[in-house]
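So the structure is just underneath, and the comments pick up after that.
The values are calculated or read from the model by the stated rules, or taken from the named source; none is laboratory data. Since the model is a prediction, treat every value here as computed from it, not as a measurement. Neighbour counts are summed over all protein chains in view; Cβ atoms, including those assigned to glycine, are modelled from backbone coordinates with ideal geometry. Calculation scope for accessible area: heavy atoms of the full protein, side chains included, ligands and nucleic acids excluded. Shrake-Rupley method; radii C 1.70, N 1.55, O 1.52, S 1.80 Å.
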Amino acid sequence: MSLTPFEHPFLSGLMGDTEIAPLFSAEADIAAMLRFEIALAQAEAEAEHGIIPADAAASIASALSDFKPDMEALANGVANDGVVIPELVRQLRLTVGGTASKNVHFGATSQDVIDTSLMLRLKTATGVLAKRLASAIAGLDTVRRRDGQNGLMGHTRMQAAIPITVSDRVQSWREPLDRSAQRLALFSAEGFAVQFGGAAGTLEKLGDKGADVRAALARKLDLANRPQWHNQRDGLAEFAGILSLISGSLGKFGQDVALLAEVGGEIRLSGGGGSSAMPHKQNPVAAELLVSLARFNAVQLSAMHHSLVHEQERSGAAWTLEWLVLPQMVAATGVALSTAIRLLGQIERLGREGHD
């Protein structure tokens, strides 16, 4: 049994995500770490840098291309060291062997590898989220084209107010998602940056070639080139904020649909959930889930802001807090988007036809 509902044996039927969850698996993490180590060796071996021999970089790339870690040893290593990299690098050097082994991980530190792995996987996840966000916006447009002129009773402070149209309500759902799509696109352009700073952020082992090697490393990994940010976590907090804005806006959509279903007459939904005690019921499960996921991410966001407090050059405590929180926020946002797309497909009619 899993501790997280996103990968739980049966709760994942509601909250699972087969595209997002694998990006945060140990296998995906290690694959991204290996990409970092190979790209680092190649960047350091380029002729204009000459930090390590070219044949050493070739040996590292060849040996690590089919590397399989000893997972039990990695777990024991994390128990001792608090991070996976010391034990992983030990295994990598054994795999490479010979004189080239001393060039594995040269000039890097654990946080460089772990943070860059995260950036690689977040960038992939964001591509998935962006596509789903576009699909959700398109689904709202479909509902508005079909039912936009139908009437709804507007409500203010949970009381009936004046008549509005479906188009009015859909606009209040759509516009925040448009803005979040723009935020996500802007962040994607420069927000996913390589982390490469060495022991304390100074790249001391690379001398005056550190910035050039970092730029080459960023190009090889298709990440933004930025000076070390290992104790500057505002970018990750900003990304988490975008996630919470997306799920929060979808939560507003879900809450409205649930209230429409409660009142009856202004919405017709297909595919509601059944009740074990009341077979006549069609529960608005998807709408309710959107509300839950919005609230979940809103709570997690405070933890990401707590993780901004990285004391001095590196914090183990704040860093570990990110590991606990950020993957689940990404998963929650992915599930919220796929749930919203499904819910939009279940709306057979919105509003009262023929009413002003």
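A compact table of results
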| item | result |
| --- | --- |
| Whole-Hz ³J(HN,Hα) from phi, Karplus 6.51 cos²θ - 1.76 cosθ + 1.60, for segment 160-176, glycine and proline x | 4, 10, 9, x, 9, 10, 4, 4, 4, 5, 4, 4, 6, 7, 7, 4, x |
| Along principal axes, Cα extents of segment 79-230, largest first, whole Å | 77, 35, 27 |
| Answer label, with Rg and Dmax of the Cα atoms in Å calculated from the coordinates and candidates (1) 24.4, 81; (2) 21.1, 82; (3) 21.7, 70 | (1) |
| Cut-off 17 Å, label 7 Å out along Cα→Cβ of Asp212, residues of segment 43-71 by amide N | 43-54 |
| Arg349 long-range amide H proximity, modeled H, under 5 Å | Arg268 |
| Spin-label pair Gln232/Val78, simplified geometry with 7 Å Cα→Cβ offset, distance in nm | 2.9 |
| Calculated from backbone phi, Karplus (6.51, -1.76, 1.60) coupling profile of segment 302-310 in Hz, x at Gly/Pro | 4, 5, 5, 6, 4, 6, 5, 7, 8 |
| Net lengthening on full extension, Ala54/Gln171 (0.36 nm per residue, minus Cα-Cα) | 36.3 nm |
| FRET efficiency, 1/(1 + (r/R0)^6) with R0 22 Å, evaluated for Ala134 and Thr18 via beta carbons | 0.70 |
| Stretchable slack from Thr95 to Arg219, in nm (0.36 nm times residue separation minus alpha-carbon distance) | 42.0 nm |
| Accessible area per residue in Å² at 1.4 Å probe, computed on the chain | 47 |
| Probe 1.4 Å, all protein chains present, accessible-area order of Thr4, Thr126, Thr156, Thr18, largest first | Thr18, Thr156, Thr4, Thr126 |
| Relative contact order [Cα under 8 Å, 6+ residues apart], segment 201-355, whole percent | 30 |
| From phi via Karplus (6.51, -1.76, 1.60), per-residue ³J(HN,Hα) for segment 227-237 in Hz, x at Gly/Pro | x, 2, 10, 4, 10, 10, 9, 5, x, 5, 5 |
| Anisotropy class of segment 201-356 from Cα gyration tensor, a/c 1.5 cut | prolate |
| Mean projection area, nm², convex hull over Cα of segment 9-123 | 8.4 |
| Contour minus Cα-Cα distance for Val299 and Asp178 (0.36 nm per residue) | 41.2 nm |
| Dipole magnitude of the chain, debye to nearest 20 (Cβ charges: Lys/Arg +1, Asp/Glu -1, about Cα centre) | 920 |
| Carbon plus sulfur fraction of accessible area for segment 141-283, probe 1.4 Å, in percent | 51 |
| Nonlocal amide H pairs with Ala224, under 5 Å, H built at 1.01 Å | Phe192, Ala193, Val194 |
| Residue (of Gly251, Leu184, Leu203) at the positive-pole extreme of segment 179-267, dipole from beta-carbon charges | Leu203 |
| Under-5 Å amide H pairs with Gly154, H placed in peptide plane, nonlocal only | Ala161, Ile162, Ile164 |
